[in-house]
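Below is one structure, written out as structure tokens, with a few remarks after it.
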Amino acid sequence: MCGIVGYIGKRDVAPLLLEGLQRLEYRGYDSAGIVITGKASAGKPAALKMVKAKGRVRELEARVPKRFSGTTGIAHTRWATHGVPSDENAHPHLDADNKVAVVHNGIIDNAAELRAKLVADGVEFLSETDTEVLVHLIARAQADSLEEKVREALRSVEGTYGIAVLHADFNDRIVVARNGSPVVLGIGEKEMFVASDVAALVAHTRQVVTLDDGEMATLKADDFRTYTTEGSSTTATPTTVEWEAESYDMGGHDTYMHKEISEQADAVDRVLRGRIDDRFATVHLGGLNLDAREARGVRRIKILGCGTSYHAGQIGAQLIEELARIPSDAEPASEFRYRNPVVDPDTLYIAVSQSGETYDVLAAVQELKRKGARVLGVVNVVGSAIAREADGGTYVHAGPEVCVVSTKCFTNTVVAFALLALHLGRIRDLSVADGKRIIDGLRRLPAQIDEILANEDEIKRLAAEYADAKSMMFIGRVRGYPVAREASLKLKEVSYIHAEAYPASELKHGPLALIEPAMPTVAIVPDDDLLEKNRAAMEEIKARSGRILAVAHQPQDKADHTIVVPKNENELDPILMGIPLQLFAYHTALAMGRDIDKPRNLAKSVTVE
């Protein structure tokens, strides 16, 4: 959550920071702020100049004076945790002497206790945030250097943080630190950048260093160094970001969500490229770090993710059970570590996250590693925390996903699970014939996705018919149920229509009480061995005067409307059946005038609990 960007060099800093905030706004858009170090003059030390505003980055930009020059600064766009969105609660925060400025992502767990002590010592707080505690701790630290002041303050702090710190008395540097919230350094020519996401950096440099938890860095215009919060030096080797700045542009689309939905055929082609092995009817996934003998020793698979990644994990678990015949299930990572789970040495754990930084998933990975489990990561961002913490894994290669609601990354994650299931299946008991069948199906996906997207106008028309609904039901059986759950979540996230997903087999065990003409149902109806069961569920709904929108491989006479999707292999059908419902959610929200890329109360990359 929240976006941090900072710069030190020779260029005018304010335009750079505002541009960076625009690229990071998907991480939080309740309020924004910027602070820069002004130049020292005769007899006067350098001073900090700050502007903050409730609302979007454009509100902040309108407040920045024309004469707001400097070459060092930090900025922040906020997703509120402590304190309502307001000018006062916006970051950066300053100490009483206006010498120390801090921007912060994360949550200080013992903020209330620390605040009480500071208030007792006479400190006056101007905001409701936990971050302001950190500012005053740094300002009151007795150390001689800024690095030591920050280190001394962090020793009192419990919780998560990604921070950047300016100090008027040390105006040649920015000090940053990470614990549970991402911090990325951008290495330029006699200039340095810092951000919470590479999206803010790639327009200026593709050479980056990602800090580990418990690591700090000092940035100067012509140099940087990294070290632990205990003071020991660390080795930082820059890596090259694979994504170009243009990847973060809208590319002629009205919204990022529409752009990212439309990119899915290319994205799926990318995740398949170079991985298929026709000779042995399998795939190459070299990053797993799991040889054939170890793979055969796996007795169970547990997949952990949150939100959309959890739903992708549910489909992944079904694919692994069907193709590899390994008992598998998915569970919300946010619940997993709080139920004192039994960690079995014969169980393979798979952590799923688009950003690779999702805090609940990362914390579950760290707990599993502490207990000796083998953990694989399925993530989109190369070099992210989960990718580094896991024993191995695979990247989904969806490309940057800027819209808060996930679409193409969900699809690519499910395809990545299909590859993993095929790989494990061919090591175990999946036949060559079935391996070739799945490979043929995977190769058909990009063209079939394009076929679905070509039907957008019809889906848009249907969305307008259902946009007046106050609530909707989504149903599916077995393979269709996770599709229904993800489609329900998409509609909730982007349109704010209340939606619930149930297994179609559970309708008669309670949810049928909700069915009436004002409650439409979206039914996932693939042509598989459960087709007649799904038709029977639709009969139950029609008998109670419910409206039905079916997503099926052929028109359904029991449905009021049917979105027809192309047929693939039974195991791969869920990948295609979710895509028209992404468009359905999109056009429903568009018809309702929603802010599609920035839905209320949400933000991308959830790095807090």
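Are there any strands (runs of 3 or more DSSP E) wholly within the range 1-93 with 1 or more residues that are in contact (Cβ under 8 Å) with a residue 24 or more places away in the chain, closer than 17 Å to Val103 by Cα and among the charged types (D, E, K, R), and if so which? Can you show your working first?
Values: elements: 3-8, 31-37, 48-54, 72-78.
Of the strands (runs of 3 or more DSSP E) lying wholly inside the range 1-93, those with at least 1 residues that are in contact (Cβ under 8 Å) with a residue 24 or more places away in the chain, closer than 17 Å to Val103 by Cα and among the charged types (D, E, K, R) span 48-54, 72-78.
Quick one: count up the residues across the range 198-220 that are among the hydrophobic types (A, V, I, L, M, F, W, C) and surrounded by fewer than 19 Cβ atoms within 10 Å (Cβ to Cβ).
Kept after step one, since they are among the hydrophobic types (A, V, I, L, M, F, W, C), are these residues of the range 198-220: 198-203, 208-209, 211, 216-217, 219.
In the following step, the residues that additionally are surrounded by fewer than 19 Cβ atoms within 10 Å (Cβ to Cβ) were identified as 203.
Final tally of qualifying residues: 1.
Go through Ser406, Ser431 for me and flag whichever is of a type in the set (Ser, Thr, Tyr), without any contact (Cβ under 8 Å) to a residue 12 or more places away in the chain and either within 28 Å of Asn289 (Cβ to Cβ) or open to solvent by 50 Å² or more (accessible area, probe 1.4 Å) (or both). Give the steps one after another, and end with the answer.
Values: Ser406 fails: without any contact (Cβ under 8 Å) to a residue 12 or more places away in the chain.
Just a single option satisfies the conditions, and that option is Ser431.
For the range 129-139, what are the residues that are open to solvent by 20 Å² or more (accessible area, probe 1.4 Å) and in contact (Cβ under 8 Å) with a residue 40 or more places away in the chain? Don't jump to the end; show me each part of the working.
The first filter runs over the range 129-139 and keeps only residues open to solvent by 20 Å² or more (accessible area, probe 1.4 Å), leaving 137, 139.
Answer for the range 129-139, where residues must be open to solvent by 20 Å² or more (accessible area, probe 1.4 Å) and in contact (Cβ under 8 Å) with a residue 40 or more places away in the chain: just Ala139.
List, please: which pairs have Cβ atoms under 7 Å, are six or more places apart or on different chains, and start with a residue in the range 245-273 that is open to solvent by less than 40 Å² (accessible area, probe 1.4 Å) and end with one that is at pLDDT 95 or above and acidic (Asp, Glu)?
From the range 245-273, the pairs are Ala265/Asp450.
I want to confirm something. Restricting to the range 291-329 and keeping residues that are open to solvent by less than 20 Å² (accessible area, probe 1.4 Å) and not in a helix (DSSP H, G or I), which single residue is farthest from Val483 (Cα to Cα)?
Here the residue is Val298.
Which is charged (D, E, K, R) and touching a helix residue (DSSP H, G or I) at 6+ places or on another chain (Cβ under 7 Å), of Lys492, Lys508?
Numbers: Lys492 fails: touching a helix residue (DSSP H, G or I) at 6+ places or on another chain (Cβ under 7 Å).
Matching residue, one of Lys492, Lys508: Lys508.
Is it true that some residue in the range 381-394 is part of a helix (DSSP H, G or I), in contact (Cβ under 8 Å) with a residue 60 or more places away in the chain and either closer than 30 Å to Ala585 by Cα or out of contact with any Phe, Trp or Tyr (no Cβ under 6 Å at 6 or more places or on another chain) (or both)?
First pass over the range 381-394, keeping only residues part of a helix (DSSP H, G or I): 385-389.
Restricting the remaining residues to those that are in contact (Cβ under 8 Å) with a residue 60 or more places away in the chain gives 385, 388.
So of that shortlist, the ones also either closer than 30 Å to Ala585 by Cα or out of contact with any Phe, Trp or Tyr (no Cβ under 6 Å at 6 or more places or on another chain) (or both) come out as 385, 388.
Yes, some residue in the range 381-394 is part of a helix (DSSP H, G or I), in contact (Cβ under 8 Å) with a residue 60 or more places away in the chain and either closer than 30 Å to Ala585 by Cα or out of contact with any Phe, Trp or Tyr (no Cβ under 6 Å at 6 or more places or on another chain) (or both).
Quick check on the range 332-346. Is at least one of its residues modelled with pLDDT under 95, hydroxyl-bearing (Ser, Thr, Tyr) and open to solvent by less than 20 Å² (accessible area, probe 1.4 Å)?
No, there is no match, as no residue in the range 332-346 is modelled with pLDDT under 95, hydroxyl-bearing (Ser, Thr, Tyr) and open to solvent by less than 20 Å² (accessible area, probe 1.4 Å).
Every residue in the range 156-165 that is in contact (Cβ under 8 Å) with a residue 60 or more places away in the chain and touching a helix residue (DSSP H, G or I) at 6+ places or on another chain (Cβ under 9 Å), please.
As a first pass, look at the range 156-165 and keep what is in contact (Cβ under 8 Å) with a residue 60 or more places away in the chain: 160, 162-165.
Correct list: Thr160, Ile163, Val165.
Would you tally the residues in the range 552-593 being of a type outside the set (Asp, Glu), closer than 17 Å to Asn412 by Cα and touching a Lys or Arg at 6+ places or on another chain (Cβ under 8 Å)?
5
Just to be sure I understand the filter: pairs with C-beta atoms under 8 Å, separated by 6 or more residues or on different chains, first member in the range 477-504 and of a type in the set (S, T, N, Q), second member open to solvent by 40 Å² or more (accessible area, probe 1.4 Å). Which pairs pass?
Pairs that qualify, where the first residue is of a type in the set (S, T, N, Q) and the partner is open to solvent by 40 Å² or more (accessible area, probe 1.4 Å), are Ser488/Glu500; Ser495/Met592; Ser495/Arg594.
Go through the range 13-24 and give me each residue that's open to solvent by less than 10 Å² (accessible area, probe 1.4 Å) and modelled with pLDDT under 90.
Residues of the range 13-24 open to solvent by less than 10 Å² (accessible area, probe 1.4 Å): 13-14, 17, 20-21, 24.
Scanning the range 13-24 gives a single hit, Leu24.
Got at least one residue in the range 107-117 being open to solvent by less than 20 Å² (accessible area, probe 1.4 Å) and in a strand (DSSP E or B)? Show your work before the answer.
Within the range 107-117, the first condition is being open to solvent by less than 20 Å² (accessible area, probe 1.4 Å), and the residues that meet it are 108, 110-111, 114.
Okay, now just the ones that are also in a strand (DSSP E or B), so 108.
Yes, that holds for at least one residue.
With a cut-off of at least 3 residues that are under 20 Å from Glu321 (Cβ atoms), name the helices (runs of 4 or more DSSP H) lying wholly within the range 402-510. Before the answer, list the steps.
Values: elements: 408-427, 432-453, 456-466, 480-495.
Passing ranges, in order: 408-427, 432-453, 480-495.
For Ala487, only one of the following conditions fails: (1) open to solvent by less than 50 Å² (accessible area, probe 1.4 Å); (2) farther than 16 Å from Tyr310 by Cα. What is its number?
(2)
Filter the range 506-518 down to the residues that are open to solvent by 40 Å² or more (accessible area, probe 1.4 Å) and in contact (Cβ under 8 Å) with a residue 24 or more places away in the chain and list them by number.
Lys508, Leu514, Glu516, Pro517, Ala518
Quick one: Val35 ticks every box in (1) open to solvent by 50 Å² or more (accessible area, probe 1.4 Å); (2) modelled with pLDDT of 90 or more; (3) not hydroxyl-bearing (Ser, Thr, Tyr) except a single one, so which number is it?
(1) is the only condition that Val35 fails.
Residue by residue through the range 383-399, note down the ones that are under 22 Å from Gly28 (Cα atoms) and surrounded by fewer than 24 Cβ atoms within 10 Å (Cβ to Cβ).
Residue satisfying the conditions is Gly399 alone.
The values are calculated or read from the model by the stated rules, or taken from the named source; none is laboratory data. Since we're looking at a predicted model, the values are computed, not measured. Please note: Cβ atoms are built from the backbone with ideal geometry, for glycine as well, and neighbour counts cover all protein chains shown. Side chains included, ligands, DNA and RNA excluded: accessible areas come from the protein's heavy atoms. Shrake-Rupley method; radii C 1.70, N 1.55, O 1.52, S 1.80 Å.
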